[in-house]
Amino acid sequence: MSILGVLPFSLYFFFYPIYQGDFSNNHFTPKQLEPFPNKLTLSVIVLPGCPYCHETISLMNELISREPKLHIRYVVVSESQSTLAMFTPTLDKRISVVRASNIKNWIVMAQGGFPCMMISQQGKIIYAWENDFFGVRAIDDYLDRNN
């Protein structure tokens, strides 16, 4: 009888996993088409009207509050400078927000998926993650490199 009670939940989690990035570290290394900071940096590549991009704000604010020495920046893929205002008021002041200089290059580097998180060091991309795969293991990788 208890199997019948667990079966619906098991089927649901089979088809709709909690968060794939918590169980795997499916990163990729994109072809670098734009310069990156020399310091170890987590760049969050976002679109202005993307709801998933805006959902990353609470996680990044939490990361920077726990580890104030982290370097996190948002790269807004937009032609308008005014779209930066969609992110700056809600982000922690220690997180910088910049506009992408060449939109096509950033779309190619993000492989068309937004938000896209990229870790870089010494001006080079180390790894990148699609939103679904930036979970606990990816964050641990970034924090381990920072210590």
Inset, instruction - Could you pull out the residue among Ser120, Ser101 that is within 16 Å of the chain's Cα centre (by Cα), within 23 Å of Thr29 (Cβ to Cβ) and polar (S, T, N, Q)? - result: Ser120
Inset, instruction - Being open to solvent by 20 Å² or more (accessible area, probe 1.4 Å), touching a residue at least 12 places away in the same chain (Cβ under 8 Å), of a type in the set (Val, Ile, Thr) and not in a loop (DSSP other than H, G, I, E, B) narrows it down to one of Val97, Val75, so name that one. - result: Val97
Inset, instruction - Could you please find all residues in region 100-117 being open to solvent by 10 Å² or more (accessible area, probe 1.4 Å), part of a loop (DSSP other than H, G, I, E, B) and not hydrophobic (A, V, I, L, M, F, W, C)? - result: Ser101, Asn102, Gln111, Gly112, Gly113
Inset, instruction - Output the number of residues of region 71-93 satisfying the condition of being aliphatic (A, V, I, L, M) and closer than 19 Å to Ile119 by Cβ. - result: 5
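The values are calculated or read from the model by the stated rules, or taken from the named source; none is laboratory data. This one's a predicted model, so the numbers in the text were calculated from it and none came from an experiment. Here the Cβ is made from the backbone with ideal geometry for all residues, glycine too, and neighbour counts use every protein chain on show. These area figures cover heavy atoms from the full protein model, side chains too; ligands, DNA and RNA do not enter into them. Shrake-Rupley method; radii C 1.70, N 1.55, O 1.52, S 1.80 Å.
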